[in-house]
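> First, the structure itself, so that you have it in front of you.
The values are calculated or read from the model by the stated rules, or taken from the named source; none is laboratory data. Note that the structure is predicted; figures quoted are calculated from it, not measured. Every residue, glycine as well, gets a Cβ built from its backbone with ideal geometry; the counts of neighbours run over all protein chains shown. Ligands, DNA and RNA are excluded from the accessible area calculation, which covers all protein heavy atoms including side chains. Shrake-Rupley method; radii C 1.70, N 1.55, O 1.52, S 1.80 Å.
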Amino acid sequence: MRRQIIDLLRDNKGRPVSGEEISQRLDISRTAVWKHINVLKEEGYAIDALHKKGYILHSAPDLLLPAEVSARLSTKWLGREIIYLESVASTNDVAKRAALDGAPHGTLVVAEEQTGGRGRIARGWFSPFAAGIWFSLVLRPPLLPSEASKFTLLMAVAVAE
């Protein structure tokens with residue numbers, strides 16, 4: 001719901017959107033709109049409430065929040081489901097658990113910080129808060145496990161492009 005509110009505010013390009021309009025478009029109460037706006041403010045969104053005009057979005061936090069990531073995606077399936085964590089031992093561990101629990105192909109697990117990230121051969125991976133993009137993807141390709149290592153090179157090229 002909060003993603004939809006941010007999208008409405010962002011689409012209005014700096015003009016106020018009334019709480020009534022948000023409530024009607026999302027089929028929720030005005031009180032629910034107010035509660036969601038307050039949570040968004042706590043997350044770091046700069047939103048003003050202008051008396052008798054509505055809500056206006058001034059800026060978004062410089063974090064990898066789902067609403068910020070999904071607003072910039074042009075993919076059909078990759079990253080459409082997002083698991084966001086402020087801090088986690090390893091996004092890869094979370095992605096593995098999510099995959100076992102049935103997370104869909106393309107699920108993105110993203111964190112602002114990893115405290116126990118691992119690189120190749122289980123080497124430690126320094127992943128400080130908000131200093132990079134720490135993520136793992138749940139992929140279910142129709143390949144043999146022996147061919148899975150090709151994805152490392154494929155992902156590196158995709159990120160570089």
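> Within the stretch 71-83, is even one residue in contact with a Ser or Thr (Cβ under 8 Å, 6 or more places away or on another chain), open to solvent by 60 Å² or more (accessible area, probe 1.4 Å) and at negative phi? Don't jump to the end; show me each part of the working.
To start, the set of residues in the stretch 71-83 that are in contact with a Ser or Thr (Cβ under 8 Å, 6 or more places away or on another chain) comprises 79-83.
After this cut, where a residue has to be open to solvent by 60 Å² or more (accessible area, probe 1.4 Å) as well, the list is 80-81.
Still in the list and also at negative phi: 80-81.
Yes.
> Which pairs turn up if I take residues in the stretch 132-145 that are in a loop (DSSP other than H, G, I, E, B) and look for partners that are aliphatic (A, V, I, L, M) with beta carbon separation below 8 Å, at least 6 apart in sequence or on another chain?
So the pair list comes out as I133/L64; I133/V110; R140/A99; P141/A148.
> Still on this structure: Name the one entry in D62, D93 that is in contact (Cβ under 8 Å) with a residue 24 or more places away in the chain, among the charged types (D, E, K, R) and either surrounded by fewer than 16 Cβ atoms within 10 Å (Cβ to Cβ) or assigned to a helix (DSSP H, G or I) (or both). Walk me through how you get there before you give the answer.
On the way: D93 fails: in contact (Cβ under 8 Å) with a residue 24 or more places away in the chain.
Checking each option against the conditions leaves just D62.
> Still on this structure: Of (1) open to solvent by 60 Å² or more (accessible area, probe 1.4 Å); (2) closer than 26 Å to L73 by Cβ, P145 satisfies all except one. Which?
(2)
> Assess whether S90 counts as being out of contact with any helix residue (DSSP H, G or I) (no Cβ under 8 Å at 6 or more places or on another chain), of a type in the set (S, T, N, Q) and over 30 Å from A122 (Cα atoms). Please lay out each step first, then the result.
Numbers: out of contact with any helix residue (DSSP H, G or I) (no Cβ under 8 Å at 6 or more places or on another chain): yes; of a type in the set (S, T, N, Q): yes; over 30 Å from A122 (Cα atoms): no.
No; evaluated as a whole, the condition is false for this residue.
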